[in-house]
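K.L.:
Shown below is the structure under consideration.
Read-outs throughout are calculated quantities, based only on the coordinates presented, and are distinct from any laboratory measurement. If you're wondering where the values come from, they're calculated on a predicted model, not measured in any experiment. Methodologically, a virtual Cβ is constructed for each residue, glycine included, from the backbone with ideal geometry; neighbour enumeration extends over all protein chains shown.
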Amino acid sequence: MTPVLTAIACLIVVTLGYSGLCVASPFGNCRRCRGMGHQLTTDRKGRMKRGKDCRRCHATGKRIRTGRWLYNRWARIYRAGTDTPGASR
């Protein structure tokens, strides 16, 4: 196989793998707090204790993956564009 076909095949495998990950697990760990939901601090004796809540994930420890966010945005726009007003479902 030529290098171009190999690169295309690798891109397809990576894309399908990431799509499968977004379907199976749409939420990942927050990058700032690493999934804990808060920072760790130390007291005066050097012992670890819970710090402030994470402002990025609002103390949930989770974030929506980029691929899932893009899919949700696409689906919302598609539904808004194809939905006919007054039609019963």
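K.L.:
Where in the chain are there strands (runs of 3 or more DSSP E), lying wholly inside it, with at least 3 residues that are touching a Cys at 6+ places or on another chain (Cβ under 6 Å), surrounded by fewer than 11 Cβ atoms within 10 Å (Cβ to Cβ) and among the hydroxyl-bearing types (Ser, Thr, Tyr)? Walk me through how you get there before you give the answer.
P.N.:
Values: elements: 27-29, 38-42, 48-53, 62-64.
Answer list for the chain: none.
K.L.:
Could you please tell me which pairs satisfy a Cβ distance under 7 Å, a separation of 6+ or placement on different chains, a first residue in segment 3-19 that is touching a residue at least 24 places away in the same chain (Cβ under 8 Å), and a second residue that is surrounded by fewer than 10 Cβ atoms within 10 Å (Cβ to Cβ) and not in a helix (DSSP H, G or I)?
P.N.:
none
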